[in-house]
1. Would you kindly state how much longer the chain becomes between residue 254 and residue 365 on full extension, computed as 0.36 nm times their sequence separation minus their alpha carbon distance, in nm to one decimal?
2. Can you put 254, 91 in order, fewest other beta carbons within 10 Å first?
3. Working out 0.36 nm times the residue gap between residue 163 and residue 417, then minus their Cα-Cα distance, what length gain in nm do you get to one decimal?
4. For segment 598-629, list residues with backbone N below 19 Å from a point placed 7 Å from the Cα of residue 571 toward its Cβ?
5. List 301, 204 from most exposed to least, where exposure is judged by having the fewest other Cβ atoms within 10 Å.
6. For residue 510 and residue 2, calculate 0.36 nm times their separation in residues minus their Cα-Cα distance, and state this gained length in nm to one decimal.
7. Arrange the following residues from fewest to most other Cβ atoms within 10 Å of their Cβ: 369, 430.
8. For segment 3-132, what's the radius of gyration and Dmax over Cα atoms, in angstrom?
Amino acid sequence: MKSLIIVESPTKCKTLGNFLPKDYQVVSTMGHIRDLPIKSLGIKIEKGKTFDFLPEYILLEKKKEVIKKLKQEAKKATKIFLATDADREGEAIAWHTAFLIGKEKKKNLARISFHEITKKAIEKALAEPGEINLQLVEAQQARRILDRLVGYKLSPLLWRKIRRGLSAGRVQSVTVRLIVEREKEIEKFIPEEYWEIWADLRRHVGGLKEGVPAFLAKLNKLNGKTLKIENQTQAKEIVEELQKANYEVASVEEKEISQSPVPPFTTSTLQQRAVSRLGFSSKRTMRIAQGLYEKGLITYHRTDSFNLASEAITQIRDYIQKNYGPDFLPENPHFYKTKSKVAQEAHEAIRPTDISRQATAIKSENKDEERLYQLIWQRTLACQMTAAIWDQTRINVQAASVKNIYSLLAEGKVIKFAGWLTLYEKRNEEVLPKVKAGDDLDLLKIKDEQKFTQPPARYTEATLIKALEERGIGRPSTYAPIVSTIQDRQYVEKFEGKFKPTSLGTTVNDFLVEYFPDVFDYQFTAKMEDELDDIANGQRQWKIVLNDFYQPFEKKLSAVGKVAERVAVPTEVTGEKCPKCQKGQLVIRLGRFGKFISCSRFPECDYSAPFVQKLEGVKCPDCGGEVVIKKSKKGSQFYGCSNYPKCHWASWRKPTN
Ligand SMILES: [Zn+2]
Ligand SMILES: [Zn+2]
């Protein structure tokens, strides 16, 4: 008697093999084995009052060997367990595998699922085998078909109206829209001038001045009213007045502030944190997390749940008690409310499978795994620790001139009890000297500074994922692929870590938003996600959801095909003359491998040159040449010298001379 366990990845295979008895054999499907064809739509649409949608799945050509092996092993096995990941994608792989193995094996087939690859979790799963959850499969299928319909039906239209080879995507295009609209806000933004005035003050002690600490206070009020300084003339007048004013401490407010720990990681918060702390792209983060999960080190990494298993909480609390002491252990465990809408997917948050295993103990050859694990370990431990307590101090200073009374404010905070912050190094403490109301102050220096209001910031990968999640667009499994697809398709580019739309991205976005305002609407996209959740919950029928979307979409598609004008993608002009024909202008075009310089008279003149972006205001530290932004073979951005190959200076960091 032999049992067969089918998973989707070779690493998972190996980990499972480590703690299963000998009579269990584990094989891997190496991902999906059956999918829609690439070369055609692959969906038969039967048109009636309500349309019917029949996916025409094919066996993937490159999986031929894998499929052969799966079938052979399945024939020999007396019992088969489908142990693919516990989400819609995993459920779909299990379903396709079951289809492949065939009907005759059906009675010996069971589905097992677990959220962590540990001996205990697997034994528990094997003890309570279940069936494939068709609702989850249908939710996956509906997403696949929906995205296929939008992508494959819109692309030919974009080819005719804008440019060959373009593509659109349901969620992807809405994400581009966010970036395009942010860029338009930035372009429209008119910065407003304002001034800040700071006073460097010290308690008046008379005679010896050494050792008395100074502090900075910021001007905020004039005769009790909030003060706005709009220009230099106004700033100068105030500075002159303040120079001759008398300073004293009006009041000192001291307050204890408690800072609670943050919830454990979900997919989106892990991605955001890994971008800002480690500089990992979301794609890289997911690849590393996948490895950690498959090695049995962390729980499943595609989740939007803040839940922690009760055994895990017990273990974490024991660990805190033993290693940090009772002051760091709250009376009761912290529970964080989950937004997840699908009961069957009510996973756990991302946590180490064993909190006593520290990052240095995972002994990975891959340093990235260690670093990401460390983030997860810290966050998990922190979320069950006591709050940090800060002592906050506000010193209100009064400056009396001949004419007016000005108010200034100094703010400081120091840690009183670190609590969960003990796990993190960065504290940002601001220490203020001890003073009391009525103390006279000496003015050491006044400084004024010109400032401008700032436009909204461009999205970074972290803020983009946050924006998607807040708007209910996308799900844990989709953030990373969306973010990388919009860059691959050259709709947006990342410049110094921030997203900017390309002229192509803006053109396609404006076209789609003009002609398909509903489909590429934020709320509509969020509603579609909810409906997919409803399918997973068994509250909606998947074909109805598809029908309700597709019928109006198809009508719109043919109408737009008739009325829409062809639009051109504008080219950026460099302002230089073409060196070859001396007649054309040099323009920046977008090719398959990114930007390049070309002649405006193309195709009459075929001049072309690589595009180099110069960094304004900095010079090469070695030779004083221009600093240019380059891309490595792997696609990462770095800085180099324009005099290359004469000068070899290069750096990952932006030079700051
Ligand atoms: Zn030319
Ligand atoms: Zn140089």
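1. Working: separation 111, 0.36 × 111 = 39.96 nm, distance 4.96 nm.
Stretched out fully, the residue 254 to residue 365 stretch lengthens by 35.0 nm.
2. Numbers: 254 10, 91 27.
The fewest-first ordering by Cβ neighbours comes to 254, 91.
3. Details: separation 254, 0.36 × 254 = 91.44 nm, distance 6.10 nm.
Additional length available on full extension: 85.3 nm.
4. 598-613
5. On the way: 301 27, 204 14.
By the 10 Å Cβ count, ascending: 204, 301.
6. Working: separation 508, 0.36 × 508 = 182.88 nm, distance 5.92 nm.
Contour length minus Cα-Cα distance gives 177.0 nm.
7. On the way: 369 20, 430 14.
Listed from fewest to most nearby Cβ atoms, that is 430, 369.
8. Using the Cα atoms of segment 3-132, the pair Rg, Dmax is 16.1, 56 Å.
Readers should treat all values here as calculations from the given coordinates under stated rules, not as data from a laboratory. All values derive from a computational prediction rather than experimental measurement. We place every Cβ from the backbone using ideal geometry, glycine too, and count neighbours over all the protein chains shown.
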